[in-house]
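The values are calculated or read from the model by the stated rules, or taken from the named source; none is laboratory data. It should be emphasised that the depicted structure is a prediction, and the values quoted were computed from it without experimental measurement. Neighbour counts run over all protein chains shown; Cβ positions are idealised from the backbone, glycine included.
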Amino acid sequence: MIKVDITQDMRDKANKMSDEMGTLKGSFMNGKGNVYGFLGELMFMDLLKDAEHVNTYNYDIKLKDGKTLDVKTKKTTVEPKPNYECSVSTWNLKQSCDVYGFARVHKDMTHGWVLGTMDKDTFINDGTHYNKGDYDPSNRYTVKSECYSVAIEDLTSI
C-alpha cells in the first residue's frame, strides 16, 4: 500500500474529467464519486511512469507490457488497513480488462492510497462472492450490489 499526496493539479484534472464524463449508469453516488475515481487513476499514473492513461469504458490504463488496468476507487475517511476489502460489482465484470487496480482517496482529496493490483481472472476465482443484501461480517457491511471482494493484503503491490 502506497500513500500518495494529491496535488492541486491532480484535483483540477480529476474535476475536469468528472465534469466531462457526467453520470454513469449504475453509479452508486449518482456521478458525485467520479472525481474520486479519477483521482485514483491519477494516483496510479503518478506511480506507473511508463503507462498510458486511456480512460476507456473497459479500462483506464494501458501498461507498458500491453496489459490493461481498470482502477476501482473508494472514498474514505480513514487510512485503509490490510484486512479492508476491495470490491467489484458483478455488472462491471463485463468490462474487458486484464488487471484490476484498487485505490482509496480521503474524502478531503488531499491524499490517498494505491492499494495494489490483482489479475481479473484471479480476482473472480479467489474473491468472495456476495449477493445484494448479504451481510459481510468482516467489515459489518450489508452489500448494496452483487460483487466480488478481496482483502487489501491479498493484492500485489505496484
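In the set M118, M109, which member is within 16 Å of V78 (Cβ to Cβ), in contact with a Phe, Trp or Tyr (Cβ under 8 Å, 6 or more places away or on another chain) and not β-branched (V, I, T)?
Just one listed residue meets the conditions, M109.
Hey, which of the strands (runs of 3 or more DSSP E) in region 40-158, taking only ones fully inside, have at least 3 residues that are of a type outside the set (F, W, Y) and buried (at least 21 other Cβ atoms within 10 Å of the Cβ)? Walk me through how you get there before you give the answer.
On the way: elements: 68-76, 85-89, 99-106, 111-119, 128-130, 147-151.
Where strands (runs of 3 or more DSSP E) fall fully within region 40-158 and carry at least 3 residues being of a type outside the set (F, W, Y) and buried (at least 21 other Cβ atoms within 10 Å of the Cβ), they are 68-76, 85-89, 99-106, 111-119.
Considering G112, G116, which residue is closer than 20 Å to L63 by Cα, at pLDDT 95 or above and among the small types (G, A, S)?
G116
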